[in-house]
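The values are calculated or read from the model by the stated rules, or taken from the named source; none is laboratory data. Since this is a predicted model, take the numbers as computed values, not measurements. Cβ: placed from backbone, ideal geometry, glycine included. Neighbour counts: every protein chain shown.
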Amino acid sequence: MFYAAAQTINYPAEIPGMERLIVKTKDVLAANGVDDYDIIIEFGGHATLKMEGYRIDWSGNQTIISANDFSGARYGLLAFTEEIANGRKPDQINGRQVNPSMEVRAIKFNLPWDAYRESLSMDYHLSTCRDLKFWEAFLDMMMDNRFNQLALYNMHPFQYMVKLPNYPEASPFTDQEMADWQVFWKGLFRMAKERGVEVFIVNWNIVVPESFAKHHGVKTLNDTSQVVRDYTREAVTAVIDTYDDLSGLGVTLADWMTKMTAAEREDWIAETFVAGMKAANRPVKFLHRAVLSGSSNEMRRILDAADFQDPVQVEVKFNWSHGHSTPKLLITHASESGAVNTGYWNPAPENYKIEWMVRNEDFFILRWGEPDFIRSHIKTNTADFMNGYYIGSEGYIPAFEYFTKPEIGRTWNYAFERQWLFYSLWGRLLYDINTPDTVFEEQFNRKYRMDQGRQMLHAYKLVSKMPLRLASFFGSTWDYTLYAEGFMSPVTPPGYGFDDKASFFISLEELMDRKVLDPGYLSIKDYVAIQAEKEKVAENKKTPLDLANELTANATEADMLIRSLAANGSVYTSEYNQEIDDLRAWSLLSRYFARKLEAGVYLGLFRKTGDTSQKQQAVSALEEALVTWKDLSEVTSKNYIEVPYIVGGVFGFQDERKDYFSWRSLIPEVERDIEVAKSASFQK
């Protein structure tokens, strides 16, 4: 127990990193005129509190924060400080007890060196991600938003972390360069520990450094030779022994384990990672990704044999790479088919827990926030066999900010700070699903010193549904099968529909032929067939026109809020005005999607029935869509430059001009849809 009188706060040294929070609390107390007030933190022995939970009570001029562990104490003090920052006096703060809704609240973060996705959009971040000042800011954000795990991914991390006595050729660095890397890693892991964040290092298999491959005459990828196994095992042990504050290691059974059976893949993991972890001088946690593992039974076999001290984490990609879609689990990536293998959780596992990976490959530029979607996702998918979530991207690193035009006035340093609402919503709701909207509304009010946070959050709710609806309606699998904010689908997965090969843009005919992800929707193709035969639509199905009406209604209501919010734009900051522009952009995308759905239905009916009025309606809808897209191009061009999105050469695309993205650059594709509709003919 410790007592803090007035603004002199004493605290036990065993709570790492507490001094930063104490400084923040003192500043907030002083700024809000709170004097002569005691903060008492009672530590340990609270039967009703889970790990990371806290309770706030007050009595007289004392606030009592109770917790059983360091993170609970930090979160309790953060919650108290937030209430004071919102203008409440201590005696106006309601007592509460909060226990975490999810045990694991993790961020997936792809590192730019030895990156899985090689592109300029990765290279931008090389210096930023070597800067501990960036990681200090990112980890502060994680703690503020109650995230407690950080998973750092790259193809082969070990060469950047250790130099092995038996395999010095595996490191491309001099002794001094390796010493510098180790200072970096130890600093990062220490800062994370001080904020209650566990760090995992996660790789893809089977990968070795080029220098190692050349020295031993083996392949850099997909080499199962004994020397590769021995090297990997020794590297795993050395990393654990070198970094005391590293919390865990993770593995991906993926792209470079070809021509191996599911059993052989798992045996390789057991012989390298599991054996290396067992040989280390301390236990660490283990993350076994379900990606392409192929067999839940084989995974269970090696985890049973491993007999780890802590439950293993098994990460499952929820709806593959497009988790921001529907809360229904419809596809995963445990195999190339995308089929949901319930064997990972049925029968219920005894030595591991499932974590849902909700990937975001759909909005990198525009700000996004829909708390009701997140609440629904958590409620729908909470089960005894799972204990948490990962959020993050493969094609985007939230570090260096390269989207925004420098001349418009930037009030943030890093990319993640621009997407502050995304992280706040996911982190706070995973920690406490009962967190009310008022928490986020007050964040807006504090950030912009205004009183319209409620309207701002509601506008975000309305327009942020657009990418969710597109990803639910337009069936997709891996990363580049959909990029919702750009209305793009660079790759059409086999069996999902027509690919016109004209561009990355989702053309009218591609939209008309695409299968849906969520079976609650009727595809355009199926709806047109029903209408042409004058059959009845099932009551549990939402038609493309129903979706178009919903999108239009959302945009109409949002536009009213946006006009009101924009009226005060000159009063607030440049960042506020950019948020308003992002809301406009999502609203315009909602309208564009709606008109295109309508055009697809009308054109499909014309081709089925020969009714020329349907063809004219299609053309009219597309002409309106063109006007909307041009407005979208104007709004987004105010704030954003054309940016790299994809490296076509990596995937065999010939036209590298398509590697860059802007909404304006796609105007010719929007115009092409009109010509397609005008030239359409009745298909007898």
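Out of all the residues in the stretch 84-93, is one or more of a type outside the set (Lys, Arg), at pLDDT 90 or above and either crowded, with 20+ Cβ neighbours inside 10 Å or in the same structural domain as residue 287 (by TED's automatic domain parsing) (or both)?
There is at least one residue in the stretch 84-93 that is of a type outside the set (Lys, Arg), at pLDDT 90 or above and either crowded, with 20+ Cβ neighbours inside 10 Å or in the same structural domain as residue 287 (by TED's automatic domain parsing) (or both).
Within the bounds of the stretch 13-22, is there any residue that is basic (Lys, Arg) and farther than 30 Å from residue 378 by Cα?
Yes: one or more hits.
Which residues, taken from the stretch 194-243, are closer than 30 Å to residue 427 by Cβ and touching an Asp or Glu at 6+ places or on another chain (Cβ under 8 Å)?
195, 196, 199, 204
Of everything in the stretch 1-29, what is over 27 Å from residue 190 (Cα atoms) and either at pLDDT 80 or above or part of a loop (DSSP other than H, G, I, E, B) (or both)? Give them in sequence order.
Selection gives 6, 7, 29.
Look through 259, 278, 193, 186 and report the one residue that is basic (Lys, Arg), under 21 Å from residue 114 (Cβ atoms) and out of contact with any strand residue (DSSP E or B) (no Cβ under 7 Å at 6 or more places or on another chain).
After applying the criteria, what remains is 186.
Within the stretch 636-651, count every residue that is modelled with pLDDT of 95 or more, touching a helix residue (DSSP H, G or I) at 6+ places or on another chain (Cβ under 8 Å) and crowded, with 19+ Cβ neighbours inside 10 Å.
Looking only at that region, the number is 2.
Would you mention how many residues in the stretch 318-328 are over 11 Å from residue 340 (Cβ atoms) and of a type in the set (Lys, Arg)?
0
Can you pull out the residues in the stretch 595-634 that are part of a helix (DSSP H, G or I), small (Gly, Ala, Ser) and more than 15 Å from residue 513 (Cα to Cα)?
If the condition is that a residue be part of a helix (DSSP H, G or I), small (Gly, Ala, Ser) and more than 15 Å from residue 513 (Cα to Cα), then 613, 618, 620, 621, 625, 633 are the ones that fit.
Criterion first (under 21 Å from residue 384 (Cα atoms), assigned by TED's automatic domain parsing to the domain that holds residue 219 and assigned to a loop (DSSP other than H, G, I, E, B)) does residue 303 satisfy it?
Criteria not met by residue 303.
Give the number of residues within the stretch 185-204 that are aromatic (Phe, Trp, Tyr) and within 26 Å of residue 72 (Cβ to Cβ).
Total meeting the criteria: 2.
Is it the case that residue 440 is over 18 Å from the mean Cα position of the chain (by Cα) and either modelled with pLDDT under 95 or among the hydrophobic types (A, V, I, L, M, F, W, C) (or both)?
Considered against the rule, which asks whether it is over 18 Å from the mean Cα position of the chain (by Cα) and either modelled with pLDDT under 95 or among the hydrophobic types (A, V, I, L, M, F, W, C) (or both), residue 440 comes out as yes.
For the stretch 143-173, give me the residue count where each residue is under 32 Å from the mean Cα position of the chain (by Cα), within 25 Å of residue 288 (Cα to Cα) and not in a loop (DSSP other than H, G, I, E, B).
Count: 9.
Quick check: anything in the stretch 199-222 over 30 Å from residue 258 (Cα atoms) and either assigned by TED's automatic domain parsing to the domain that holds residue 402 or modelled with pLDDT of 95 or more (or both)?
No, the stretch 199-222 contains no residue that is over 30 Å from residue 258 (Cα atoms) and either assigned by TED's automatic domain parsing to the domain that holds residue 402 or modelled with pLDDT of 95 or more (or both).
For residues that are within 21 Å of the chain's Cα centre (by Cα) and not hydrophobic (A, V, I, L, M, F, W, C), tally how many sit in the stretch 443-468.
Residues meeting the conditions: 6.
Are any of the residues in the stretch 520-530 under 18 Å from residue 326 (Cβ atoms), within 28 Å of the chain's Cα centre (by Cα) and surrounded by fewer than 20 Cβ atoms within 10 Å (Cβ to Cβ)?
Yes, there is a match, as at least one residue in the stretch 520-530 is under 18 Å from residue 326 (Cβ atoms), within 28 Å of the chain's Cα centre (by Cα) and surrounded by fewer than 20 Cβ atoms within 10 Å (Cβ to Cβ).
Report yes if some residue within the stretch 133-144 is farther than 21 Å from residue 439 by Cα and free of Cβ contacts under 8 Å to residues at least 24 places away in the same chain; otherwise report no.
Yes, because at least one residue in the stretch 133-144 is farther than 21 Å from residue 439 by Cα and free of Cβ contacts under 8 Å to residues at least 24 places away in the same chain.
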